[in-house]
Amino acid sequence: MIIEILRNRVNQAIIAAFGAEYGEIDTLVVPASNPRFGDYQCNVALSLAKKLQQKPRAIASQIADNLNVTSICQPPTIAGPGFINFTLLASYLETQLEKIQRDPRLGVEQVKNPQKTVVDFSSPNIAKEMHVGHLRSTIIGDSIARILEFRGHQVLRLNHVGDWGTQFGMLIAYLREAYPTALTTANALDLGDLVSLYKKAKLRFDDDEEFRHSARQEVVKLQSGAEDSRHGWELLCNQSRREFQTIYNILDIKLTERGESFYNPLLPGIVEELSRQGLLAESEGAKCVFLEGFTNKTGSPQPLIVQKTDGGYNYATTDLAALNYRIQQDKAQKIIYVTDAGQTNHFAGVFQVAQRAGMLPEGVEVKHVPFGLVLGENGKKLQTRSGETVRLRDLLTEAVSGAKKDLEARLVIENRQETPEFINKVAQVVGIGAVKYADLSQNRTSDYSFSYDKMLALQGNTAPYMLYAYVRVQGISRKGNINLDNLPSRSVELEQPEELILAKHILRLNEVLGEVEQDLLPNRLCQYLFELSQKFNLFYDRTPVLKAPEPQRTSRLVLSDLTARTLKLGLSLLGIEVLERM
Ligand code: ARG
């Protein structure tokens with residue numbers, strides 16, 4: 001990729017100018033901060049000034065003198081205090097485009113060291129409604145998994161479903177009195193009932209001492225494997241699972257369920273291990289590890305509780321067991337956890353304890369990928385008009401019907417007739433794509449406000465805008481009766497500024513995906529695709545394609561086709577489908 005090549009060349013120039021001992025330093029080649037100065041810039045001269053005891057400009061010119069980039073860019077120029085600027089040659093861009101034209105990966109390299117990576121995402125809780133937080137985790141986690149997979153990593157997508165814990169004791173105890181068939185007959189309830197029964201059970205649990213007692217006994221029964229409790233629990237899990245699966249089907253999400261219950265048999269071993277390592281302490285009767293660097297309001301160290309007074313285990317204990325299992329059994333080299341930012345301290349605590357307990361071998365990386373809240377258009381937590389939490393299924397249905405309404409209005413204006421199949425398909429792809437894109441295009445760490453109108457708009461940084469750019473290219477091929485898959489190679493000629501700008505952008509995909517892998521910020525890919533669509537639209541509005549004479553015509557068709565393929569690939573990495581017409 002271009003930036004890598006430039007980095008290599010700068011590295012060689014530094015060695016030639018100042019000696020091999022400078023071969024390890026970061027070359028600081030980055031995309032130019034301002035396109036007026038070129039395409040890439042190198043800032044290394046400024047950072048070398050102190051070491052070399054020379055002026056940065058002098059250093060820059062020595063590097064430039066030793067640079068061998070004649071086939072790639074115009075002679076580098078030195079600007080300001082000592083930046084080296086590179087402007088790519090049209091001829092170089094042309095060869096690069098011709099290369100990727102024949103490459104289904106569009107120049108995106110496979111990583112040299114594929115890593116076994118666990119992406120822990122979605123992870124809703126049984127007997128509770130999947131909420132917008134889980135939607136964010138699902139969309140962001142899926143996109144991260146897709147990108148890592150495409151880069152060549154071996155990804156295990158895990159759904160750490162909340163399917164274990166005291167809430168089941170409560171629920172089973174309640175169902176025994178209120179709705180016993182739910183524990184013996186499959187599909188006796190739907191998830192809506194289950195959620196409201198859960199709420200009622202919780203109320204009983206909070207008010208009624210006797211009920212609390214029987215709920216605790218149910219937990220013990222369940223944990224000791226009592227047949228009827230186990231059976232009831234499984235039915236409840238299946239009930240929720242079906243509902244989750246409908247959402248995953250709508251969103252085209254693949255993931256392996258491995259819920260909290262899976263790790264249950266391993267929990268006593270974790271507590272023993274912590275004790276063996278001398279890390280275990282007591283806090284108000286509970287077993288815990290006191291965290292270093294985390295204090296509560298009164299300044300005393302914060303505990304990570306691993307076993308409660310009643311002997312039950314915690315969310316954190318399960319996460320320690322899961323972490324250990326993923327490293328030991330799954331051989332994970334990297335574990336990525338996608339949850340709301342509210343769990344930042346939880347993961348910091350778990351990672352610290354794992355580290356101190358020797359569960360984190362060198363070379364294994366654990367990363368919490370936090371995200372902000374989903375807000376309504378009023379800037380407050382997203383709710384229905386009556387103040388309830390929004391059901392995901394309703395939210396997705398509404399996005400699809402919004403997309404359908406927009407499309408039908410457009411069909412009237414454009415005086416077009418389309419079949420119901422076409423209309424439904426377009427509405428589905430646009431509606432779901434819009435929801436995903438609205439989420440992914442935000443820097444995940446900030447809160448974002450959910451607005452159907454904004455996400456469905458044909459203009460702006462939205463899915464429909466990008467889908468439309470893709471459709472425009474397919475329109476060219478239909479209109480000109482051209483099979484874009486059969487365009488001749490070695491036919492790119494870049495002349496107009498819009499062509500050069502578009503070409504350079506197309507060639508940056510590999511670089512951008514590398515960045516996304518580094519920061520796990522899919523919004524960078526969105527931004528890239530948005531700019532690609534803008535640059536394509538500018539090119540298409542200003543330069544004739546079908547009406548251009550040869551050789552420009554074919555060259556511009558290749559550029560258009562590469563734009564479309566880049567959009568399709570990029571969107572697929574966000575989990576978004578494209579349409580041939582819309
Ligand atoms: N079930 C949890 C929740 O709804 C998310 C689990 C995230 N993954 C993990 N390994 N803790 O908040």
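Quick look at the numbers
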read-out	value
Hey, residue 123 among the polar types (S, T, N, Q) and out of contact with any Lys or Arg (no Cβ under 9 Å at 6 or more places or on another chain) or not	yes
Odd one out for residue 292 among (1) out of contact with any Gly (no Cβ under 8 Å at 6 or more places or on another chain); (2) within 13 Å of the ligand (Cβ to nearest atom); (3) of a type outside the set (S, T, N, Q)	(2)
Failed criterion for residue 174 (all others in (1) over 21 Å from residue 241 (Cα atoms); (2) away from the ligand (no atom under 16 Å from the Cβ) hold)	(1)
Tally, over the stretch 456-494, of residues that are in contact (Cβ under 8 Å) with a residue 60 or more places away in the chain and not in a helix (DSSP H, G or I)	11
Flag for residue 274 being out of contact with any strand residue (DSSP E or B) (no Cβ under 7 Å at 6 or more places or on another chain), away from the ligand (no atom under 16 Å from the Cβ), in contact (Cβ under 8 Å) with a residue 24 or more places away in the chain and assigned to a helix (DSSP H, G or I)	no
Flag for residue 353 being over 28 Å from residue 147 (Cα atoms), at pLDDT 95 or above and not polar (S, T, N, Q)	yes
Residues of the stretch 531-564 that turn out to be touching a residue at least 40 places away in the same chain (Cβ under 8 Å) and either farther than 14 Å from residue 501 by Cα or not in a helix (DSSP H, G or I) (or both), as a count	11
The stretch 495-515: number of residues that are assigned to a loop (DSSP other than H, G, I, E, B) and among the acidic types (Asp, Glu)	1
Residue in the stretch 490-512 that is surrounded by fewer than 16 Cβ atoms within 10 Å (Cβ to Cβ) and farther than 23 Å from residue 95 by Cα present	no
Those residues of the stretch 17-44 which are farther than 24 Å from residue 510 by Cβ, of a type in the set (A, V, I, L, M, F, W, C) and touching a Leu at 6+ places or on another chain (Cβ under 9 Å), in sequence order	18
Cβ-Cβ under 8 Å pairs, at least 6 apart or on other chains, the stretch 398-414 side farther than 15 Å from residue 433 by Cβ, far side assigned to a helix (DSSP H, G or I)	408/423; 411/423
Enumeration of residues in the stretch 176-200 that are under 36 Å from the mean Cα position of the chain (by Cα), part of a helix (DSSP H, G or I) and under 17 Å from residue 233 (Cβ atoms)	191, 193, 194, 195, 197, 198
Per-region count, the stretch 320-336, residues within 11 Å of the ligand (Cβ to nearest atom) and in contact with a helix residue (DSSP H, G or I) (Cβ under 6 Å, 6 or more places away or on another chain)	5
Single residue of 215, 178 found to be modelled with pLDDT of 85 or more, in contact with a Lys or Arg (Cβ under 9 Å, 6 or more places away or on another chain) and buried (at least 19 other Cβ atoms within 10 Å of the Cβ)	215
Complete set of residues in the stretch 234-262 that are within 16 Å of the ligand (Cβ to nearest atom), closer than 17 Å to residue 122 by Cβ and in a helix (DSSP H, G or I)	237, 240, 241, 243, 244, 247, 248, 260, 261, 262
Cross-chain or 6+ apart pairs with Cβ under 7 Å, the stretch 330-355 first and over 14 Å from residue 317 (Cβ atoms), then within 8 Å of the ligand (Cβ to nearest atom) and at pLDDT below 95	340/133
Total residues in the stretch 201-211, condition in a helix (DSSP H, G or I) and either within 35 Å of the chain's Cα centre (by Cα) or loosely packed, with under 15 Cβ neighbours inside 10 Å (or both)	6
Residue 104 vs. criteria under 25 Å from residue 436 (Cβ atoms) and not charged (D, E, K, R)	yes
Residue, farthest from residue 215 (Cα to Cα), within the stretch 304-319, restricted to residues that are more than 11 Å from the ligand (Cβ to nearest atom) and among the charged types (D, E, K, R)	308
Residue in the stretch 86-136 that is farthest from residue 8 (Cα to Cα), counting only those that are within 16 Å of the ligand (Cβ to nearest atom) and β-branched (Val, Ile, Thr)	126
Residue match in the stretch 350-366 (condition: within 11 Å of the ligand (Cβ to nearest atom) and touching an Asp or Glu at 6+ places or on another chain (Cβ under 8 Å))	yes
Test result for residue 143, within 28 Å of residue 442 (Cα to Cα), assigned to a helix (DSSP H, G or I) and either in contact (Cβ under 8 Å) with a residue 24 or more places away in the chain or within 16 Å of the ligand (Cβ to nearest atom) (or both)	yes
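Matching residues to (1) over 39 Å from the mean Cα position of the chain (by Cα); (2) not in a helix (DSSP H, G or I):
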| residue | (1), (2) |
| --- | --- |
| 152 | no, yes |
| 158 | no, yes |
| 213 | yes, no |
| 217 | yes, no |
| 221 | yes, no |
| 232 | no, no |
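The values are calculated or read from the model by the stated rules, or taken from the named source; none is laboratory data. A quick note: this is a predicted structure, and the numbers were derived from the prediction, not measured. With ideal geometry, Cβ positions are generated from the backbone for all residues, glycine too; neighbour counts draw on all protein chains shown.
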